[in-house]
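Q: Pasting a structure below so you can have a look.
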Amino acid sequence: MSALSHGGPTLPQERRLVTEIPGPLSRELFERRNAVVANGVSTTLPVFVTQAGGGVVVDVDGNSLIDFGSGIAVTSVGNSAEAVVNRAGEQLRRFTHTCFMVTPYESYVAVCEQLAELTPGDHPKKSALFNSGAEAVENAVKIARSYTKRQAVVVFDHGYHGRTNLTMALTAKNMPYKDGFGPFAPEVYRMPMAYPFHWPTGPENCAEEAAAQVISQIEKQVGATNVAAVVIEPIQGEGGFIEPPLGFLPRIAEFCTANGIVFIADEIQTGFCRTGDWFAVEHEGVVPDLITTAKGLAGGLPLAGVTGRAEIMDAAHAGGLGGTYGGNPVACAGALGAIETMRGQDLPAAARRIGEIMLPRLNKMAARFPQIGDVRGRGAMIAVELVKPGTKEPDAALTGQIAKACHAQGVIVLTCGTYGNVLRFLPPLVIGEDLLTEGLDVIEGAFEQLTAA
Ligand code: PLZ
């Protein structure tokens, strides 16, 4: 295969290291970056990208890295996926912006039609489009408050919902997301999360006990009739890829329905095929009242949505929702290309296949390395939690070292978790199996190297 001047699916699918990581040209750019980019914006792996596609990212020094990050769960259809490029490119040439609130265009409507069709539940649905995940979550809360005429919002330990003022309040972790940035929005109440690996009485009791605790705490501390919305990630992302055990989500959803509370599934990280279903709540047949989406929705272009029951979505008065760029025509065209790709290539099945390859391999590694305390996740949203051997004490230092070692060997992996001790894998769903296996070999090599006595 010859190297092409553009990215996308035609890029050679190989790991190729021609310099140390980062190479000299990346290091030079990083210096320029440091002079003019604010410190608060951090960098996981300072290689500067020139092309990306399929399962690889290529840098300015000519290195080709295996992508187990997808730009934090965004490029599920691959970078510069053909249908995304074609549709967004065509839109770019016709017009770039009018503002949907001023003079509308069809692609926004078409994206909302797709959202209505693809999200769980066969009730009438409506959507509103925004630019970022945080904006979608903020608007979901506005809509729920408007509909219920209530104020309280319930969220969970380890939850992540964004970096704006309200979503900082909804987010659990102080450093780096909140520290020094308060005061935060009021009327936000945090409940225990069903975290099986750390549940004090064992994973088998986690679903039932956690749900009972949540419900009791809402009733005793907030009052169910004061709660506008419960906001939850069906599998928590930034908080550590925490997958609540079967039964927890349906129980919370039922409680919401019984008490007139809007149940909001934040599927910004889990949605659009990532977990092996179109949406992660489908795994247990849960039908949220509202669902927030972003990331995978538009194949790398900035687009987010709130979708849900028409009567809830219509509660906000005309002019109450919006934004200059929300549902930008180029991003909408990209989303239609991404959705076409997900349907055409059956990407839910591709995500399940990735899980079938990764989970057994990581479980084998867990048997070999006692530092791997837990292997979890679904589809192409997979993680290992690292601990001090024989305990459940987090080992954030080792987690960082493993990630660094993988980066040095040309595999982009990310970390997450309240305790910083989770190594997470989010490959593009179109990654080839040979690259996936090679990436896993590199990860195993990093464990070998760093856990040797
Ligand atoms: N809800 C569930 O995962 C974004 C954050 C990266 P935005 N997660 C990546 C970082 O450190 O900023 C996310 C999410 C869930 C909301 C969001 C927020 O989405 O598009 O980053 O605003």
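Q: For segment 101-162, rounded, prolate or oblate, judged on the Cα gyration tensor with a ≥ b ≥ c (square roots of eigenvalues), a/c < 1.5 rounded, else prolate if a/b > b/c? Please report the intermediate quantities before stating the final value.
A: Details: a/c = 1.75, a/b = 1.63, b/c = 1.07.
It is prolate, given that a/c is not under 1.5 and a/b is the larger ratio.
Q: Using the basic label-point model (7 angstrom from Cα toward the beta carbon), what is the L246 to R27 distance in nanometres?
A: 5.3 nm
Q: Lys/Arg Cβ at +1, Asp/Glu Cβ at -1, dipole of the chain taken about the Cα centre: which of C406, V111, C273 is farthest positive-ward?
A: Positive-most Cα among the choices belongs to V111.
Q: Here's a follow-up. Could the peptides 441-449, 363-371 be put in order, highest first, of the mean number of other beta-carbon atoms found within 10 Å of their residues? Can you show the working numbers first?
A: Values: 441-449: 17.6, 363-371: 15.2.
With the highest mean Cβ count within 10 Å placed first, the list reads 441-449, 363-371.
Q: Let me ask something else about it. Please list D67, D314 in order of solvent-accessible area, largest first, computed with a 1.4 Å probe with all protein chains present.
A: D314, D67
Q: Nearest 500 deg cm²/dmol is fine: what mean residue ellipticity at 222 nm does the chain get from its DSSP H runs of n ≥ 4 alone, each adding -39,500 (n - 2.57), divided by its residue count?
A: Working: 13 runs with 165 residues, N = 453.
Helix contribution divided over all residues of the chain: -11500 deg cm²/dmol.
Q: Right, here's the next one. Name the residues whose placed amide hydrogens come within less than 5 Å of the amide hydrogen of A294, ignoring near sequence neighbours (fewer than 5 apart) on the same chain.
A: Hits under the 5 Å cutoff: G305.
Q: Next up: State the answer as a single residue: which of V77, V222, V430 lies farthest towards the positive end of the charge dipole of the chain, with beta carbon charges of +1 for Lys and Arg and -1 for Asp and Glu, about the Cα centre.
A: V222
Q: If you don't mind, there's one more thing I want to ask. About its Cα centre, how strong a charge dipole does segment 295-408 have in debye, to the nearest 20, once Lys and Arg get +1 and Asp and Glu get -1 at the Cβ? Display every interim value, and only then the final one.
A: On the way: 13 positive and 9 negative charges, 105 e Å.
Computed charge dipole of segment 295-408: roughly 500 debye.
Q: Could you tell me whether segment 165-239 comes out rounded, prolate or oblate from its Cα gyration tensor? Rule is a ≥ b ≥ c as square roots of the eigenvalues, rounded for a/c under 1.5, then prolate if a/b exceeds b/c, otherwise oblate.
A: Numbers: a/c = 2.42, a/b = 1.30, b/c = 1.86.
In terms of gyration-tensor shape, oblate.
Q: Per residue and in cubic angstrom, what volume does the convex hull of the Cα atoms of the chain have? Mind dumping the intermediate values first?
A: On the way: hull volume 66.7 nm³, N = 453.
It is 147 Å³ per residue.
Q: Another one. Tell me the carbon and sulfur percent of the accessible area for the chain, rounded to whole percent, probe radius 1.4 Å.
A: Values: 9750 of 18490 Å².
So the carbon and sulfur contribution to the accessible surface is 53 percent.
Q: Can you list the chymotrypsin sites (Phe, Trp or Tyr not before Pro) in segment 139-208 that are in a DSSP coil and have 14 or fewer other beta carbons within 10 angstrom?
A: Details: sites: Y147, F156, Y160, Y177, F181, F184, Y189, F197; in loops: Y160, Y177, F181, F184.
For chymotrypsin sites (Phe, Trp or Tyr not before Pro) across segment 139-208 that sit outside H, G, I, E and B with at most 14 neighbouring Cβ atoms in 10 Å, the list reads F181, F184.
Q: With a ≥ b ≥ c taken as the square roots of the eigenvalues of the C-alpha gyration tensor of segment 84-344, please select rounded if a/c is under 1.5 and otherwise prolate if a/b is larger than b/c or oblate if it is not? Present the calculation step by step, with values, prior to reporting the outcome.
A: Numbers: a/c = 1.79, a/b = 1.58, b/c = 1.13.
Taking the square roots of the gyration eigenvalues as a ≥ b ≥ c, segment 84-344 is prolate.
Q: For each pair in K178/K392; K173/K392; K142/K178; K173/K295; K364/K388; K125/K295, compute the distance between the two Cα atoms and list the pairs where it is over 23 Å.
A: On the way: K178/K392 26 Å; K173/K392 19 Å; K142/K178 21 Å; K173/K295 21 Å; K364/K388 18 Å; K125/K295 21 Å.
Beyond 23 Å: K178/K392.
The values are calculated or read from the model by the stated rules, or taken from the named source; none is laboratory data. Small disclaimer: the values here were computed from a predicted structure and weren't measured. Cβ coordinates were reconstructed from backbone atoms using ideal geometry, including for glycine residues, and neighbour counts include every protein chain displayed. To get the accessible areas, we keep the full protein, side chains included, count just its heavy atoms, and leave off ligands, DNA and RNA. Shrake-Rupley method; radii C 1.70, N 1.55, O 1.52, S 1.80 Å.
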